[in-house]
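The values are calculated or read from the model by the stated rules, or taken from the named source; none is laboratory data. Quantities reported herein were computed from a predicted structural model and do not represent experimental measurements. Glycine also receives a Cβ, built like all others from the backbone with ideal geometry; neighbour counts cover every protein chain displayed. Note: accessible area is taken over every heavy atom of the protein model, side chains too, but ligands, DNA and RNA are not part of it. Shrake-Rupley method; radii C 1.70, N 1.55, O 1.52, S 1.80 Å.
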Amino acid sequence: AAGIRAIMLIRQLPYHEDSASLFARIAHQPWAVFLDSVHPGNAFGRYDILSCKPFITLSTAGELTRIVEPGCERCSAEDPFDLLQGILQRNSAPVTELPFYGGAIGYFSYELARRLERLPALAIDAEQMPEMAIGIYDWAVGVDYRARQTRLVGQGNDPATDEQWDDLAALFSAQASPAAAGHRFSVTSAVTSNMDAQGYRERFARVQAYIRNGDCYQVNLAQRFSAAAEGDPWQAYLQLREISPAPFACYLNTPAGQVLSASPERFLSVRRGRVETRPIKGTRPRSSDPLIDLANAGDLAASLKDRAENLMIVDLLRNDLGKNCAVGSVSADRLFALESYANVHHLVSTVTGVLALGRDPIDLLRGCFPGGSITGAPKLRAMQIIEELEPHRRGVYCGAIGYIGFDGSMDTSIAIRTAVYSHGELRFWAGGGVVADSEADKEYRETWDKASGMLALTERCGAPRVGR
């Protein structure tokens, strides 16, 4: 490592109540990223982070990672996590009160697990997206809703930052332009799924046979929706954040395609060595009728089946955190809390720990990847069954999205309620955990409840309503 660099660049900017109007100014720039808490009313809605044009990029496809740095481009067969870890370490910085002022932002797709585990290759690989797409950003705009501040921050590792600093400040200080200005996004075909109700029931029955035979306790089974589309996906994201506001929403404009996420689930956060994960298991639909909505929430809160399903994943994550946390520091601080979002109610637990001496966020991410809440338990066997039963590879879906700062801070979400737009097609997924006492029709209906926000988006963009 090159040692800790203590220089920080900070410029106060006019405060904005909604960061979308700021991000609209760079939304179409290369590698533009928007980590969007959507609104300050949710428990995690204090900060938004946005940037573009990273000075280093890493894109992993198969066995090779393409690294583009100033004046240099190379491919490496090294472990992608190790490559990222090395770049962050050589640009390391001290911790401040700011959540992020330089570092890595991007996604780690579900398929990156193939670099960690031996998995069969059975499902159709139709995504054609990198398994990892990460930018190393030397500057960012951070909006702090609690302090009502907007700041342009930077680390100064890239000489171009100093050259562009005044121009960046002027860009984000100028009078706001409407966030919605731009070309319309249109869904130009019906939305189709890769499994109908009967196909889901058949796969469900095979999962339950594996459970009865002792292969596993739980498997997350998902269906994949797709439709032809065209236009500006940033416009689609603006509508998604209205339909499904979520604490870990984001928009990523990568060279291979755009990622639109309305995730409610924190995967891993690290701040001053303190680790947190918040697995979601247990779902009920929202209702416009207050009495039905309250009944659905009460039914979920009282469900022994959903609590047991949640607890399986809590135990899995306690074990995963224990690989890189100090002995005795991992604990389940809160179990089965009821949290309500735009389209669904969820049961959410909180597991915490403290990083062991000599371990960093990349070690933690590698040790926990992919998140157990979207695989099942035990994790490896569940992933093998997923590859066997789901017709298509998951790609970005069920991976992780977020930032890892030069200062060793990290916050990532599980890439659920997430769509990918590439090659003229919009794709999104919805799944749920199947356990021994699950019922096929209820589980199938749950996948549709979880997909309701994305389906509403496609209808707004011109797709005919999908029948179940």
Radius ratio Rg over Rh of the chain, counting only Cα atoms, Kirkwood formula for Rh | 0.95
Given labels modelled 7 Å from the Cα in the Cβ direction, how far is it in nm from residue 173 to residue 338?
-> 5.0 nm
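Could you state the orientation-averaged shadow area of the convex hull built on the Cα atoms of the stretch 293-354, in nm² to one decimal? Mind showing how you got there, number by number?
Values: hull surface 18.5 nm².
Taking a quarter of the hull surface, the average projection is 4.6 nm².
Grab the Cα-Cα distance for residue 302 and residue 160, subtract it from 0.36 nm times how many residues apart they are, and report the gain in nm with one decimal.
On the way: separation 142, 0.36 × 142 = 51.12 nm, distance 5.60 nm.
Stretched fully, the residue 302-residue 160 segment lengthens by 45.5 nm.
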Over the stretch 82-181, equivalent-ellipsoid semi-axes from the Cα gyration tensor in Å = 33, 20, 14
Which semi-axis lengths, in whole Å and largest first, follow from the square roots of five times the eigenvalues of the Cα gyration tensor of the stretch 395-464?
-> 26, 21, 9
A correct Karplus calculation of ³J(HN,Hα) over the stretch 375-391, with 6.51 cos²θ - 1.76 cosθ + 1.60, θ = phi - 60°, whole Hz and x for Gly and Pro, returns 10, x, 9, x, 4, 4, 5, 4, 5, 5, 5, 4, 5, 6, 9, 7, x
Which value, in Å², gives the accessible area per residue of the chain when a 1.4 Å probe is used on the protein heavy atoms?
-> 38 Å²
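Within the set of other residues whose C-beta is less than 11 Å from the C-beta of residue 376, count the net charge using Lys and Arg as +1 and Asp and Glu as -1.
Neighbourhood net charge equals +1.
Suppose only helical runs count, i.e. DSSP H with n ≥ 4. What mean residue ellipticity at 222 nm does that imply for the chain under -39500 (n - 2.57) per run, divided by all residues and rounded to the nearest 500 deg cm²/dmol?
Result for the chain: -8500 deg cm²/dmol, rounded to the nearest 500.
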Amide H partners (placed H, <5 Å) of residue 263, local residues excluded | 248, 249, 250
Dividing the alpha-carbon Rg of the stretch 197-334 by 2.2 N^0.38 Å yields what?
-> 1.33
Per residue convex hull volume, Cα only, the stretch 306-403, in Å³ is 130 Å³
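Translational diffusion coefficient of the stretch 59-127 at 37 °C, 0.692 mPa s, Stokes-Einstein with Kirkwood Rh over Cα pairs, in µm²/s as a whole number. Before the final figure, lay out each step's value.
Working: Rh = 14.5 Å.
Rounded to a whole number, D works out at 227 µm²/s.
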Using the Karplus equation 6.51 cos²θ - 1.76 cosθ + 1.60 (θ = phi - 60°), what ³J(HN,Hα) coupling, rounded to whole Hz, does each residue of the stretch 251-260 give in order, writing x for Gly and Pro?
-> 9, 10, 9, 8, x, 7, x, 9, 10, 10
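Over the stretch 345-468, what lengths in whole Å, largest first, do the semi-axes of the equivalent ellipsoid take, defined as the square roots of 5 times the eigenvalues of the alpha-carbon gyration tensor?
Working: eigenvalues 173, 80, 40 Å².
Gyration-tensor ellipsoid for the stretch 345-468: 29, 20, 14 Å.
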Could you tell me which of 188, 112, 139 has its Cα farthest along the dipole of the stretch 58-192 towards the positive end, charges placed at Cβ (Lys, Arg +1; Asp, Glu -1), taken about the Cα centre?
-> 188
So how much accessible area does residue 459 have, in Å² to the nearest 10, using a 1.4 Å probe?
-> 70 Å²
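Taking only the C-alpha atoms, wrap a convex hull around the stretch 32-146 and report its volume per residue in Å³ as a whole number. Intermediate results must be reported in sequence, preceding the final value.
Details: hull volume 16.6 nm³, N = 115.
Normalising the Cα hull of the stretch 32-146 by residue number yields 145 Å³.
Ordering 425, 439 by how much accessible area each has at a 1.4 Å probe, largest first, what is the list? Don't skip to the end; give the middle numbers.
On the way: 425 55, 439 100 Å².
Sorted descending by solvent-accessible area, the residues read 439, 425.
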Starting at the first residue of the stretch 163-172, write each ³J(HN,Hα) from the Karplus equation 6.51 cos²θ - 1.76 cosθ + 1.60 with θ = phi - 60°, in whole Hz, x for Gly and Pro.
-> 5, 9, 4, 5, 5, 5, 4, 5, 4, 8
In square nanometres, what is the average projected area of the Cα convex hull of the stretch 122-219?
-> 13.6 nm²
Radius of gyration and Dmax over the Cα atoms of the stretch 160-270, both given in Å = 21.1, 64
Taking a probe of 1.4 angstrom, what is the accessible area of residue 369 in Å², to the nearest 10?
-> 10 Å²
Which distance in Å, rounded to a whole number, links the C-alpha centroids of the stretch 182-203 and the stretch 128-172?
-> 36 Å
Near the amide H of residue 392, under 5 Å away, which other amide H atoms are found, from residues 5 or more places off or on another chain, if H is placed in the peptide plane?
-> 124
Just need the relative contact order of the chain here, percent rounded to a whole number, with Cα pairs under 8 Å and 6+ apart.
-> 22 percent
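With respect to the cross-link table entries 281/323; 53/323; 379/450, which display a Cα-Cα separation exceeding 32 Å? Please list the in-between numbers first.
Details: 281/323 23 Å; 53/323 35 Å; 379/450 22 Å.
Violating the 32 Å limit, Cα to Cα: 53/323.
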Roughly speaking, to the nearest percent, how much of the stretch 358-468's 1.4 Å accessible area is carbon and sulfur?
-> 46 percent
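Between beta-carbons, use under 12 Å as the cut-off and find the net charge around residue 22, counting Lys and Arg +1, Asp and Glu -1. The partial results should precede the final answer.
Working: positive: 25, 151; negative: 17, 18, 36, 48.
Charge balance near residue 22 sits at -2.
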On the accessible surface of the stretch 205-267, probed at 1.4 Å, how many percent belong to carbon and sulfur atoms?
-> 45 percent
Can you give the net charge of the other residues whose Cβ lies under 10 Å from the Cβ of residue 126, counting K and R as +1 and D and E as -1?
-> 0
The helix 440-460 Cα axis meets the longest alpha-carbon principal axis of the chain at an angle in degrees, between 0 and 90 and rounded to 10, of 40 degrees
